[in-house]
Amino acid sequence: MSDKVNLTIDGRKLEAPAGSTILQAAKDANIYIPHLCHNDELKPYGACRLCVVEITHRNRTRIVASCIYEVAEGLEVQTVTERVLNVRKLVIELLLSRNKKSQVLQDIAQKLEVEKSRFELDIKGCILCGMCIRTCKEVVGVNAIGYKSRGFTREVATPFDETPPDCIACGSCAYVCPVDFIQYSEKNGVRTIWNTEFPMQKCTKCGRHIAPVKQLDHFKETLNLPEDHFDICLHCR
Amino acid sequence: MKKLTTPQDFFDYQSEVKKSVDPKKTQIIICAGSGCLAYGTQKLIDGFKAEIEQQNLQDVMDVRASGCHGFCERGPIVLISPGNIFYQKVGLKDAPEIIEKTVLNGETIERLLYKDPQTGEKIIREHDVGFYKKQQRFILGQNSQINPTSINDYLAIGGYGALAKVLSETKPQEVIDEIIEANLRGRGGGGFPAGWKWDSTRKAVGDPKYVICNADEGDPGAYMDRSILEGNPHTVLEGMLIGAYAIGSSEGYIYVRNEYPLAVTNITLAIEQARELGLIGKNIMGTDFSFDIQINRGGGAFVCGESSALFASIEGRAGEPRAKYVHATDRGLYDKPTCLNNVETWANVPLVISKGAKWYQSIGTENSKGTKIFALVGKINNTGLVEVPMGITLREIIFEIGGGIPKGRKFKAVQTGGPSGGCIPEEYLDSPVDFDELTKLGSMMGSGGMIVMDERTCMVDIARYFLQFLEDESCGKCTPCREGVHQMRVILDRICEGNGQEGDIETLEWMGQAIADGSLCALGGSAPAPVLSTIRYFRDEYEAHIKDKKCPAGVCKALITYKIDSETCNGCHLCFKPCPTDAIAGEKKKLHTLDQDKCIQCGACYEVCKFDAVIVE
Ligand SMILES: Cc1cc2nc3c(=O)[nH]c(=O)nc-3n(C[C@H](O)[C@H](O)[C@H](O)COP(=O)(O)O)c2cc1C
Ligand code: FES
């Protein structure tokens, strides 16, 4: 098998590395495909369905999620068709009914010429893209949060809705959340996230707060660092 | 028990078993399927056995507790063979009489016979009963010929013969070619040709390769797969063994719905028995072919029956579909080549092999071959499991096998394909049962649910009911299915409550298409079908709800009023007691009245009135 495959996106002839996704190929060619649950650092997930495109391959036309569909020789991709736009409009309207304030959602809605959601509002804030859960698991390597319940009642939650025993308060979940749903604050040497207060470690020289103790312990453990590695902050080193 | 070390060894053993069956002995076959067991069949079995023992008749007759016969509504069912005498609703006290009169003296017992509701005629033989007449029970029919806990019973009817034949004389690729030629298509929903799936799995690179039986059966009201597993577990094992041999697989799984304890018990026992004989395990019948099967209890959700969710569940992860545009035949369970087929699909395999692709092809339509088992339920006289040749019309199933609609009411629609199937109206009743035809009609074959609806069914309400089920079963991973199905249901709710708005129908149609296009797995992909198909065929009913604020079928409470017809009411007083709010007033033998302020539209009076004097508007 050769390393490159030939495909067309919106009529443009392109070459893309075998094994890459349509979304990547489009990005490389500066073709815009909206997406919400995809992040290059995370494994393909394909849940928000905003990134759908219409493909024709071996005489079969269908709608697929571009963030997971791998490019193939002779693949023809249309990123803007009526069917595609209908799915995207539906998705953004449905998400707006969970969160009508998010700038990210509004920007996408505007590009799709959606003014507002026609659906019953049921403001939940979280749009269940799962980026927080996946980042925690795949990037941080902790797995402190997960899904609770299924279907429309699904939520991102800590185990049993209690203080998350494995959480190291690194804040990555809040950082990746596209709709700023995850509450996160830092005050008087305490970081608060997932309704839990995490004391932070002070620099033994300047007294500044470096990071939550649990987070530093986690680094020491996983990276095999000496016990006093984080006693002094970067500035004082 | 001795291990069979060559195919010849097997054939010798099988003829021995066949010879040990005394053809002169009468078999009293008692259905011990889940349906009949619920009527207390176990006592009946014990009763017959005790009676036979007491009278010392063991040499002339045997009792056989068999799997489901399909006509569950008439249970407990007893068949007397030879003669194929069909007794229904048999009680413990009937046992001595059946032994005395029927078995010993060849007389039939009138009161236990089935009475044809149309002609009033008493029917003696099973195959003359209207319910069975048009069926072709190649698979379900075996249920009454065997006791599912006895491997010898299965061997005696030729069981494992197809496996032995394949192991002794057929190359794996030839087996696949035979299945392709027979055009056996998957019975679990999609109707994908099994032979192609086997072929792809065989050709895929990877080791080990897995063969899996999907026995999750999550459709409400469906129990086809359950009846096969409970009533004839060996035939499923034999099918899987043949498939594994053809594919080159050494490991298999049966993924069984958790609520099926008897199926698990019977299949577990069957695996043990087959292993003892050397039909499962290492070097089967002394050949190079080795295959073992594990049982996996289901994750308890409807979506776990979906292939990628099923793999996740076996792997110990949450039973959630994965969006992978790679075929399971290349990367399925544990990312290895995997062939997943439904219980009924596997059960068809020994049949195809032993009777040949040519024979199999002779049954059915151009592109749908063999038989299909349906769970026939709803507003129909004969409910139960039916196995029919492909190509039979819906009308034949509903009006001949099913005996039509009860209480002389009119047929309105039939829903095929499980909760996400579509509703087919009267005008298409002459359509053949065929994978492609049903899809064309906006429904599908699905796994074999068939729900009949009469004129008193509101199509908006029924669409809402199915959607509610699917909303509850959505895993919640992708947006269109999780949010979209919910919002469609919200719109249907408001239509049924009399708050439908101009444009709702068009919104539903638009959403339905986008949800079907955009969802991650086939649950969302097919979830809009109940709504889309009812809009397609019963649009006027939707319009009546929205524009006229009326429910033509008289179901949606917010849109109906009950009235008492002064002409027909004869004051029989029957409606008095059932009314929970004392809304009905009037003396006996005098005209009754209904107080609209008190009426909560429960419909109790409507249901009990024998003179159709309660009318709904
Ligand atoms: C939501 C959902 C539920 C399903 N449930 C079942 C099931 O209970 N049993 C089954 O055999 N197939 C079920 N399927 C279909 C399977 O994904 C798969 O197509 C089938 O098991 C393949 O076997 P077949 O080709 O023999 O039909 C389901 C599919 C979906 C989308
Ligand atoms: S970005 Fe592809 S499904 Fe969300």
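The values are calculated or read from the model by the stated rules, or taken from the named source; none is laboratory data. Keep in mind it's a predicted model, so treat the numbers as computed, not measured. Positions of Cβ are generated from backbone atoms using ideal geometry, with glycine treated the same way; all protein chains shown enter the neighbour counts.
So that you can scan it fast, the table gives a plain yes or no per residue for (1) surrounded by fewer than 16 Cβ atoms within 10 Å (Cβ to Cβ); (2) under 26 Å from A:ALA72 (Cβ atoms); (3) within 16 Å of ligand 2 (Cβ to nearest atom):
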site	(1), (2), (3)
B:VAL303	no, no, no
B:SER308	no, yes, yes
B:LEU333	no, yes, no
B:PRO337	no, yes, no
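Looking at B:GLY370, B:GLY356 in this structure, which one is away from every other protein chain (no Cβ under 14 Å), more than 16 Å from ligand 1 (Cβ to nearest atom) and at pLDDT 95 or above? Let's see the steps before the verdict.
On the way: B:GLY370 fails: more than 16 Å from ligand 1 (Cβ to nearest atom).
The unique qualifying residue is B:GLY356.
In this structure, does B:LYS49 turn out to be closer than 26 Å to B:ALA156 by Cα, basic (Lys, Arg) and over 30 Å from the mean Cα position of the chain (by Cα)?
Working: closer than 26 Å to B:ALA156 by Cα: yes; basic (Lys, Arg): yes; over 30 Å from the mean Cα position of the chain (by Cα): yes.
Yes; evaluated as a whole, the condition is true for this residue.
Under the condition of being of a type in the set (Ser, Thr, Tyr) and more than 15 Å from A:GLY74 (Cα to Cα), which residue from region A:1-47 is surrounded by the most Cβ atoms within 10 Å (Cβ to Cβ)? Give the derivation first.
Of the residues in region A:1-47, the ones of a type in the set (Ser, Thr, Tyr) are A:2, A:8, A:20-21, A:32, A:45.
Narrowing further to those that are more than 15 Å from A:GLY74 (Cα to Cα): A:32, A:45.
Numbers: A:TYR32: 10, A:TYR45: 22.
Per the criteria, the residue is A:TYR45.
Looking at region A:116-133, can you tell me whether even one residue there is touching a residue at least 40 places away in the same chain (Cβ under 8 Å), among the charged types (D, E, K, R) and away from every other protein chain (no Cβ under 13 Å)?
Initial filter on region A:116-133 (touching a residue at least 40 places away in the same chain (Cβ under 8 Å)): A:125-133.
Adding the requirement that they be among the charged types (D, E, K, R) leaves none.
Taking every residue of region A:116-133 in turn, none turns out to be touching a residue at least 40 places away in the same chain (Cβ under 8 Å), among the charged types (D, E, K, R) and away from every other protein chain (no Cβ under 13 Å).
Looking only at region B:462-500, count every residue that is aromatic (Phe, Trp, Tyr) and under 21 Å from B:LYS550 (Cβ atoms) and tell me the total. Spell out how you get there, then give the answer.
Within region B:462-500, the subset aromatic (Phe, Trp, Tyr) is B:465-466, B:469.
Cutting the leftovers down to under 21 Å from B:LYS550 (Cβ atoms) gives us B:465.
Residues in region B:462-500 being aromatic (Phe, Trp, Tyr) and under 21 Å from B:LYS550 (Cβ atoms): 1 in total.
For the structure I just gave you, tell me whether B:SER533 is at the interface with chain A (Cβ under 10 Å from one of its Cβ atoms), closer than 28 Å to A:THR81 by Cβ and touching a Cys at 6+ places or on another chain (Cβ under 6 Å).
Values: at the interface with chain A (Cβ under 10 Å from one of its Cβ atoms): no; closer than 28 Å to A:THR81 by Cβ: yes; touching a Cys at 6+ places or on another chain (Cβ under 6 Å): yes.
Taking the combined requirement at face value, the residue does not satisfy it.
Give the residues of region A:134-164 that are without any contact (Cβ under 8 Å) to a residue 12 or more places away in the chain, surrounded by 15 or more Cβ atoms within 10 Å (Cβ to Cβ) and more than 10 Å from every other protein chain (Cβ to nearest Cβ), sorted by residue number. Even if it seems obvious, please write down each step before you answer.
In the first step, residues of region A:134-164 are kept if they are without any contact (Cβ under 8 Å) to a residue 12 or more places away in the chain; the result is A:137, A:149-153, A:160, A:162.
From the residues that got through so far, the ones that are surrounded by 15 or more Cβ atoms within 10 Å (Cβ to Cβ) too are A:137, A:150-152.
Once the filter is applied, which keeps residues that are without any contact (Cβ under 8 Å) to a residue 12 or more places away in the chain, surrounded by 15 or more Cβ atoms within 10 Å (Cβ to Cβ) and more than 10 Å from every other protein chain (Cβ to nearest Cβ), region A:134-164 yields only A:LYS137.
Buried (at least 24 other Cβ atoms within 10 Å of the Cβ), closer than 14 Å to A:PRO34 by Cα and touching an Asp or Glu at 6+ places or on another chain (Cβ under 6 Å), is that true of A:VAL87?
Numbers: buried (at least 24 other Cβ atoms within 10 Å of the Cβ): yes; closer than 14 Å to A:PRO34 by Cα: yes; touching an Asp or Glu at 6+ places or on another chain (Cβ under 6 Å): yes.
Yes: the conditions hold for A:VAL87.
Within region A:79-95, is even one residue out of contact with any strand residue (DSSP E or B) (no Cβ under 6 Å at 6 or more places or on another chain), of a type in the set (D, E, K, R) and either modelled with pLDDT under 95 or within 13 Å of ligand 2 (Cβ to nearest atom) (or both)?
Checked against the condition, which is being out of contact with any strand residue (DSSP E or B) (no Cβ under 6 Å at 6 or more places or on another chain), of a type in the set (D, E, K, R) and either modelled with pLDDT under 95 or within 13 Å of ligand 2 (Cβ to nearest atom) (or both), region A:79-95 yields at least one hit.
Given (1) more than 14 Å from chain A (Cβ to nearest Cβ); (2) touching a residue at least 12 places away in the same chain (Cβ under 8 Å), identify the lone condition not met by B:GLY408.
(2)
Which numbered condition in (1) at the interface with chain A (Cβ under 7 Å from one of its Cβ atoms); (2) farther than 18 Å from B:PRO220 by Cβ; (3) surrounded by fewer than 18 Cβ atoms within 10 Å (Cβ to Cβ) is the only one that B:ASP472 fails?
Of everything listed in (1) at the interface with chain A (Cβ under 7 Å from one of its Cβ atoms); (2) farther than 18 Å from B:PRO220 by Cβ; (3) surrounded by fewer than 18 Cβ atoms within 10 Å (Cβ to Cβ), B:ASP472 misses just condition (2).
For B:GLN118, state whether it is assigned to a loop (DSSP other than H, G, I, E, B), touching a Pro at 6+ places or on another chain (Cβ under 6 Å) and of a type outside the set (A, V, I, L, M, F, W, C).
On the way: assigned to a loop (DSSP other than H, G, I, E, B): yes; touching a Pro at 6+ places or on another chain (Cβ under 6 Å): no; of a type outside the set (A, V, I, L, M, F, W, C): yes.
When the stated conditions are applied, B:GLN118 does not pass them.
Which of the residues belonging to region B:475-522 are in contact with an Asp or Glu (Cβ under 9 Å, 6 or more places away or on another chain), small (Gly, Ala, Ser) and closer than 13 Å to A:LEU94 by Cβ?
B:GLY476 - this is the single residue of region B:475-522 that is in contact with an Asp or Glu (Cβ under 9 Å, 6 or more places away or on another chain), small (Gly, Ala, Ser) and closer than 13 Å to A:LEU94 by Cβ.
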